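What follows is a set of notes on a single structure, which appears directly below.
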Amino acid sequence: MAIREYPLPDGARPRRLALAADGSVYYSDYARGFLGRLDLTMGKVEEWASPGGPSSRPYGIAVVPDGSVWYSESGVTPNTLVRFDPRTKQFSATPIPSGGGVVRNMVSTPDGRLYLACSGVNKVAIADPAR
């Protein structure tokens, strides 16, 4: 077995990872409030500030079939579900109705829906971005 590590910017604390169709790795940087992308072919890291700011605490993350990246901000009240479009580099955010209570995990279905584990409020949420 071989393990290769890729350095991230100083102070980064990635919480979760999501793989994109192009093979790149997106990560939520809990400590600094960033969304990051690791290009494995180039070994290059690109980052964007999360809309909720440095204390937004990005956590659960997923990439949906259309290529957009979704993640939760756990440091804002209520927690938000954030969409990032890698083509335009634009963000949009929607509050999670229950507050989310920290969405630690998130998965995408083949039809683009998102399942969120709202751990602090004892709920599972299903988000349908197409609606």
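The values are calculated or read from the model by the stated rules, or taken from the named source; none is laboratory data. Model, not experiment: these values are computed from the prediction. Here the Cβ is made from the backbone with ideal geometry for all residues, glycine too, and neighbour counts use every protein chain on show. Protein only, heavy atoms only, side chains kept; ligands, DNA and RNA dropped before computing areas. Shrake-Rupley method; radii C 1.70, N 1.55, O 1.52, S 1.80 Å.
Sparsely packed loop sites in the range 34-109 (the trypsin sites (Lys or Arg not before Pro) outside DSSP H, G, I, E and B with at most 11 other Cβ atoms within 10 Å) comprise Arg87, Lys89. Cα centroid separation, the range 1-78 to the range 79-131: 15 Å. Here the chain is treated with +1 on each Lys and Arg Cβ and -1 on each Asp and Glu Cβ, and its dipole about the Cα centre works out to around 280 debye.
Taken per residue, the accessible surface of the chain reaches 56 Å², heavy atoms only and a 1.4 Å probe. Computed extension gain for Asn105 through Met1, at 0.36 nm per residue and net of the alpha carbon distance, reaches 34.7 nm.
With percent of Cα pairs over 17 Å apart defined as stated, name the option among (1) 59; (2) 66; (3) 54 computed from the structure displayed. Answer label, from the structure shown: (3).
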